[in-house]
Amino acid sequence: MRKRMYLIPAGFILFILFFTIFGDRGLLHIHSLNREKQEIQKQAEALKAENDKLKREIEALKSDRRYLESIARKDFGLVRPNEIIYQFPAPEKSEPAKTGNSATEPQRHGEKR
């Protein structure tokens, strides 16, 4: 009879402890939510930094004519009247020089090394 009196409160305490740790509002769930909150805050900070950068660019486009002109020239290929633009083709990538090493040279049909 005395054992049963100890088992009921012990079982009740274990039941409460289980839901305190593993329940929908338990410690593990709260820890997971805190981790998710930190990730969202990092994303918000990154977006705020990008937003500030874009605001600075907008102000530069509104007030700095040289910056606006450089964007117009670079992105849209615009030129001033009577201005001549010379465009040169990009240099082609050259292959490395061959050293004459027989291990790197292709083998011809019927040749032995």
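Looking at the stretch 66-86, can you tell me whether even one residue there is in a loop (DSSP other than H, G, I, E, B), exposed (fewer than 10 other Cβ atoms within 10 Å of the Cβ) and among the hydrophobic types (A, V, I, L, M, F, W, C)?
yes
Could you please let me know if GLU57 is among the charged types (D, E, K, R), surrounded by 10 or more Cβ atoms within 10 Å (Cβ to Cβ) and at pLDDT 90 or above?
In short, yes.
Output the residues belonging to the stretch 1-53 that are of a type in the set (D, E, K, R) and within 34 Å of the chain's Cα centre (by Cα).
The initial filter retains those residues of the stretch 1-53 that are of a type in the set (D, E, K, R), namely 2-4, 24-25, 35-37, 39, 42, 45, 48, 50, 52-53.
Within the stretch 1-53, ASP24, ARG25, ARG35, GLU36, LYS37, GLU39, LYS42, GLU45, LYS48, GLU50, ASP52, LYS53 qualify.
The values are calculated or read from the model by the stated rules, or taken from the named source; none is laboratory data. For clarity, every value in this text was computed on a predicted model and none was experimentally measured. Virtual Cβ from ideal backbone geometry, glycine too; neighbours counted across all protein chains shown.
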